[in-house]
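Asker: Take this structure first; my questions come after.
The values are calculated or read from the model by the stated rules, or taken from the named source; none is laboratory data. Keep in mind that this is a model prediction, so the values were computed, not measured. Because the Cβ atoms are built from the backbone with ideal geometry, glycine has one as well, and the counts that use them run over all protein chains shown.
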Amino acid sequence: MPHAALEKSRTPSRRTLFALDWLNFLLADVQTGAGPFLAIYLAGYKWNEESVGLALTVGGIAGILTQTPAGGLVDTLRSKRALVGAAVAALAAAGWQHQGDLGITGREAFLPPPDAVYHHLYAVVAGSQPYRDHIDLRDFLRTHPVQAARYADMKHRLAVLLETDRSAYSDGKAAMIGDLLRQARRRGPAPSQH
């Protein structure tokens, strides 16, 4: 019977399967959502259509070839936090400036390399509170255009602080984000758009 016990211990929990489902969903979102932005970014560096298409194709193939080995590595890790640490090290080695958690435990913030278009990048563990906050806020704003416009307006007004006082920028958004998250969680999941 030791073999049966071993097999049972290797059966993934419902929580693990749920996390993997969400990871696959989000990877699909990233893979389909990043292409247009990458194409615009590369075009800004005077890449022609053929070169952009080749870069997107190579990136897609590389993603397919690395997804299974990377998934196997993630599955063997006991501490997903260690994976975030590895991501921090890899991004720093690639020129990203690690900013720490910026006051939000469980989220690691980065500034892009100097030659990249300015934007925010965060690394979080799937299922963590910062992850849930991001997903809940995103989903709420997608289904509530009036609230999304309010949030966008506030971010535009605060944008001047990004280069001089990022803490003030974040603090200026905090109350509205808290309010929007309370609304999102009170209302529950948005109705299907299909």
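Asker: Quickly run through the stretch 101-137 and pick out the residues that are exposed (fewer than 12 other Cβ atoms within 10 Å of the Cβ), over 30 Å from TYR45 (Cα atoms) and free of Cβ contacts under 8 Å to residues at least 40 places away in the same chain.
Answerer: THR105
Asker: While we're looking at this one, here's another question. What number of residues within the stretch 140-154 satisfy the criterion of being assigned to a helix (DSSP H, G or I) and either out of contact with any helix residue (DSSP H, G or I) (no Cβ under 7 Å at 6 or more places or on another chain) or surrounded by fewer than 13 Cβ atoms within 10 Å (Cβ to Cβ) (or both)?
Answerer: Final tally of qualifying residues: 8.
Asker: Still on this structure, please answer the following. Looking for something within 21 Å of the chain's Cα centre (by Cα), modelled with pLDDT under 70, under 30 Å from PRO114 (Cα atoms) and part of a helix (DSSP H, G or I) - is there at least one such residue anywhere in the stretch 2-25?
Answerer: Yes - at least one qualifying residue is present in the stretch 2-25.
Asker: Something else: Could you count how many residues in the stretch 75-97 are buried (at least 16 other Cβ atoms within 10 Å of the Cβ) and outside any helix (DSSP H, G or I)?
Answerer: Going through the stretch 75-97 one residue at a time, the tally reaches 1.
Asker: Let me ask something else. So how many residues does the stretch 77-115 have that are in contact with a strand residue (DSSP E or B) (Cβ under 8 Å, 6 or more places away or on another chain) and of a type in the set (D, E, K, R)?
Answerer: Within the stretch 77-115, residues that are in contact with a strand residue (DSSP E or B) (Cβ under 8 Å, 6 or more places away or on another chain) and of a type in the set (D, E, K, R) number 3.
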